[in-house]
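For reference, the structure is listed below as structure tokens.
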Amino acid sequence: MSINEKQKKVLVITYYWPPAGGISVLRSLKIVKYLRDFGWEPIVFTHQNPQYPLIDHSNFKDIPDDVTVLKKGAIEPFELFKKITGRRKDDSLQNILYIGDKKQSWSEKLAIWLRGNFFIPDARALWIGPSVRYLTKYLKENPVDAIFSDGPPHTNTLIACRVSKITNIPWLADFQDPWTQVDYYKDFMISKWADRWHKKLEQECFRQSDKITIVTESWKRDLESIGANNVSVIPWGYDEEDYVGIERKLSEKFTISHTGILGVDRISEPLFKALSDLCDEVPGFRDNLQVKLIGAVDYHLQEIVNSYGLDGAVEIMKHIPRKQVLSEIFNSQVLLLLINKSHNAKGRMPAKLFEYLRAARPILCLGDTDSDCSKILSTTNSGVTYGYDDYNGLKKALKDYYTRFLQRELEIDQKNIGDFSIRKLTGTIAGYLEEISRREND
């Protein structure tokens, strides 16, 4: 849909924007892509000089024609981080909490502590002041009907909160992950003082927001338990246009693929023990087995792979273009979904789940068997879930998948995945924007 003067306008505040790669950029990008279809003209505000861990220029294709993109810069602390940790200037930034090529050094631990206690709410905090001043001035001359922010980084959330408070423009606060309830919050070694400040800012955002959305039912209840109101669930989804041109050509090997970060909090030794034992017990299993780990992988996993004699069967593909990632997913025999081992993992729902669903291949999930992920796999008939330490269950499932692979019967009778179309979910977001903008005008 082209720009229409009758369309309402929404300011979308997001740190991640093309050429950013990885999963984090996709939530705001895909919503912006489809907002015009539902009567809303997006105006994007993003960082002038960001430090992105991954770059993917293919994401530019999803930016709507002639969309307004505003940018404001600020000092980024990552250059200081690289100096402290001894990294090269051209090193890409990875999740230093969970991913490493080696054991964490004292300098990396110091960087994590500084991040948790002095950069609040996150490492982009120095962007807040310049952004609020810039947007407050811009909106006086260029009014909008609503504000949409997506966090983390919750610097986005706090910018939107303060701009909404100053301008009285209604605000929808979207959460990919919670703030103080997120599973890695404690890993920043946050002091009591910093914890109080994080929670004070979080409550300020709850009070100011007119609507809150978050990706799962469990996390919705968690947010409500600490004071959030008017919370609804908008899960991650898949974009049908991403699959144009991808052909189904299933691997001739028994290929098990995982995409995305595979950190220390997602490693299952029983899984690799089961694979190793099947290699010894089932004729032909070792020759047919191919495990593809696509993305950043913690060094502990490589050690486990080697210890079980699986190094010849496991391929680590660190960074490949997104289109290739989707092709690998589409043509794998089985897809591996690993949920974080954490106190709130019941609500953890990786974005890759929906890419897996669209690929229509069997999904083997490791995590809480009563999680939100597990429920979606069950209701869509797309896969099964086992606990991380369920060696017997995992071994049985893998053997069953392999038997069906040999019989050319490794298919699934999938149901109701259309509800997770990003375009459809954007329609729901647009409805919420309409509600809060009407409320402001009443």
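Heavy atoms of the protein only, probe of 1.4 Å, neighbouring chains included. What is the accessible area of residue 432 in Å², nearest 10?
The value for residue 432 is about 40 Å².
Rounded, prolate or oblate for the range 125-169? Axes are the square roots of the Cα gyration tensor eigenvalues, ordered a ≥ b ≥ c, and the cut-off for rounded is a/c under 1.5.
Note, shape of the range 125-169 comes out oblate.
Roughly speaking, what % of Cα-Cα pairs in the chain are separated by over 44 Å, rounded to a whole number?
I get 12 percent for the Cα pairs in the chain exceeding 44 Å.
Only helical DSSP H runs with n ≥ 4 go in: add -39500 (n - 2.57) per run for the chain, normalise by residue count and round the 222 nm mean residue ellipticity to 500 deg cm²/dmol.
That comes out to -12000 deg cm²/dmol.
How big is the charge dipole of the chain about its Cα centre, in debye rounded to the nearest 20, if each Lys and Arg gets +1 on its Cβ and each Asp and Glu gets -1 on its Cβ?
About 1100 debye.
Tell me, Kirkwood radius of the range 351-441 from alpha-carbon pair distances, in Å?
15.3
5 Å is the cut-off here: which amide hydrogens, built 1.01 Å from N in the peptide plane, fall below it relative to residue 232, excluding neighbours closer than 5 in sequence?
Those qualifying (amide H under 5 Å, at least 5 residues apart or on another chain) are 212, 213, 214.
Return one number: the angle in degrees, 0 to 90 and rounded to the nearest 10, between the long axis of the Cα atoms of helix 26-35 and the longest principal axis of the Cα atoms of the chain.
It works out to around 60 degrees.
Going through the range 392-442, which trypsin sites (Lys or Arg not before Pro) have at most 15 other Cβ atoms within 10 Å and a DSSP loop state?
Loop-located and lightly packed - 408, 415.
Restricting to DSSP loop positions (anything but H, G, I, E, B) with no more than 14 other Cβ atoms inside 10 Å of their own Cβ, which GluC sites (Glu not before Pro) remain in the range 374-442?
The qualifying sites are 409, 411.
Indicate the gyration tensor shape class of the range 109-226 (rounded, prolate or oblate), computed on the Cα atoms with a ≥ b ≥ c the square roots of the eigenvalues: a/c under 1.5 is rounded; otherwise a/b larger than b/c is prolate and the rest oblate.
oblate
Tell me, what % of the accessible area of the chain is carbon and sulfur with a 1.4 angstrom probe?
Answer for the chain: carbon and sulfur cover 50 percent of the accessible area.
In the range 199-247, if the dipole is taken from +1 on Lys/Arg beta carbons and -1 on Asp/Glu beta carbons about the Cα centre, which of 225, 245, 215 is farthest to the positive end?
225
Report D for the range 276-386 in µm² per second (integer): Stokes-Einstein, Kirkwood Rh on Cα pairs, 4 °C, 1.567 mPa s.
85
Relative contact order for the chain: what is it in percent, counting Cα pairs under 8 Å that are at least 6 residues apart?
Relative contact order for the chain comes out at 14 percent.
Does the range 161-225 come out rounded, prolate or oblate, given a ≥ b ≥ c as the square roots of the eigenvalues of its C-alpha gyration tensor, rounded meaning a/c under 1.5 and, failing that, prolate meaning a/b above b/c?
oblate
When only DSSP loop residues count, what trypsin sites (Lys or Arg not before Pro) in the range 194-279 have their Cβ near at most 13 other Cβ atoms within 10 Å?
Sites meeting the loop and neighbour criteria: 248, 249.
Report the charge-dipole magnitude of the range 308-442 in Debye, nearest 20, computed about the Cα centre from +1 at each Lys and Arg Cβ and -1 at each Asp and Glu Cβ.
Dipole size: approximately 260 debye.
How big is the range 190-339 along each principal axis, measuring the range of its Cα positions in Å and listing the largest first?
61, 41, 25
The values are calculated or read from the model by the stated rules, or taken from the named source; none is laboratory data. Please read all numbers here as calculations on a predicted model, not as lab measurements. Using ideal geometry, Cβ is built from the backbone for each residue, glycine included, and neighbour counts are taken over all protein chains shown. Just the protein is used for accessible areas: all its heavy atoms, side chains included, with ligands, DNA and RNA removed. Shrake-Rupley method; radii C 1.70, N 1.55, O 1.52, S 1.80 Å.
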